[in-house]
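S.K.: Okay, here's the structure, questions in a sec.
The values are calculated or read from the model by the stated rules, or taken from the named source; none is laboratory data. The model shown is predicted, which means the values in this text are computed figures rather than measured ones. Because the Cβ atoms are built from the backbone with ideal geometry, glycine has one as well, and the counts that use them run over all protein chains shown. Areas reflect the complete protein model, heavy atoms only, side chains present, ligands, DNA and RNA absent. Shrake-Rupley method; radii C 1.70, N 1.55, O 1.52, S 1.80 Å.
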Amino acid sequence: MGITLTAITNVSLPPNHGKAYYVAILEKLKSLNLSTTYINHNGKECISHSPWHYYKELVWLESKNREEEVGIVFENPTWYEPILYPEVGYIMTGHRYNFLFDAAFYQRTRPNIEKVVKALGGTEVIWLGDVAPLYKYEELAYDAETSYEEIKDLMLKELGPPITQHAELDQNNEHHYFLDKFEA
């Protein structure tokens, strides 16, 4: 089993969000026209025909000791699935974490993630994988009870300053993380 590439972002659900908000975001995401082509396990190029839609995410909240609907998942036919929580955005991908270190992959993937994040109203991401020590911060985002800024501050305190240029990434250094800021 490989390590999945994810990203957390400074996007969050606004107060009093509702169906009109979800529909507006869904339309923005649909208008991005991201590729729906993927390579299956046999190496064959395929096209996904799944429609864009959203659904409410159930999350176990430790602080309340119960499960609640706190997030919105925008499921779609692309490789990028945004999930919005009250104080952080989370983007799942179908890619492996080690792909991030490949310059060609990054140059193909980054524009798509940037489009998704900007459509959601964000300006940056922190690239993560479910590998030590990064999984801790991924879990903080996915538990929906910690804000993006709190996670970012904790990473700075525990791991030091982030890498901010792709060329500086070193896959042999497991204690650094990549903060990717997008132009306004």
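S.K.: Please report, to one decimal in angstroms, the Kirkwood hydrodynamic radius of the chain built from all distinct Cα-Cα pairs. Intermediate results must be reported in sequence, preceding the final value.
M.R.: Working: mean 1/r = 0.0587 Å⁻¹.
Across the chain, the inverse of the average 1/r is 17.0 Å.
S.K.: Hey, another quick one. State, as an integer percentage, the relative contact order of the chain based on alpha-carbon contacts under 8 Å between residues 6 or more apart. Each step should come with its number before you reach the end.
M.R.: On the way: 325 pairs, mean separation 50.1, N = 184.
That works out to 27 percent.
S.K.: Going by accessible area, probe 1.4 Å, with all protein chains left in place, what is the ranking of His175, His49, His95, largest first? Working shown, then result.
M.R.: Details: His175 100, His49 160, His95 25 Å².
Ranked from most to least accessible, the order is His49, His175, His95.
S.K.: Given a 1.4 Å probe and heavy atoms of the protein chains only, how would you sort Ser50, Ser147, largest accessible area at the top?
M.R.: Working: Ser50 60, Ser147 15 Å².
Result, largest first: Ser50, Ser147.
S.K.: Got a sec to turn the phi values of the range 115-132 into Karplus ³J(HN,Hα) couplings, 6.51 cos²θ - 1.76 cosθ + 1.60 with θ = phi - 60°, whole Hz, x for Gly and Pro?
M.R.: 4, 4, 4, 5, 4, 8, x, x, 10, 7, 9, 10, 7, 9, x, 7, 9, 5
S.K.: How large is ³J(HN,Hα), in whole Hz, for each residue of the range 153-170 in order, when computed from phi with the Karplus curve 6.51 cos²θ - 1.76 cosθ + 1.60 and θ = phi - 60°, using x for Gly and Pro?
M.R.: Result, rounded to whole Hz: 5, 5, 5, 4, 5, 8, 10, x, x, x, 7, 10, 10, 4, 4, 8, 5, 9.
S.K.: Okay, next question. Measuring from label point to label point, each 7 Å out along Cα→Cβ, what is the Ala132 to Ala20 span in nm?
M.R.: 5.0 nm
S.K.: Please report the spacing between the Cα centers of the range 119-184 and the range 27-50 in Å, no decimals.
M.R.: What the calculation gives is 26 Å, centre to centre.
S.K.: Right, another one. Hey, can you grab everything whose amide H is under 5 Å from the amide H of Thr4? Only 5+ residues off in sequence or another chain; H modelled, so Pro and N-termini drop out.
M.R.: HN-HN under 5 Å from Thr4: Tyr97, Asp130.
S.K.: Give me the count of lysine pairs in the range 49-184 whose alpha carbons sit under 17 angstrom apart, restricted to pairs 8 or more positions apart or on different chains. All intermediate terms of the calculation are to be shown ahead of the outcome.
M.R.: Working: Lys115/Lys181; Lys118/Lys181; Lys136/Lys152; Lys136/Lys157; Lys152/Lys181.
Within the range 49-184, the lysine pair count is 5.
S.K.: Cut-off 10 angstrom, C-alpha nodes, Gaussian network model of the chain. Which of Asn33, Asn42, Asn76 fluctuates the most?
M.R.: Among Asn33, Asn42, Asn76, the largest mean-square fluctuation in the Gaussian network model of the chain belongs to Asn42.
S.K.: Report, to the nearest whole %, how much of the accessible area of the range 1-100 belongs to carbon and sulfur atoms, 1.4 Å probe, protein only.
M.R.: Details: 2920 of 5650 Å².
Carbon and sulfur together cover 52 percent of it.
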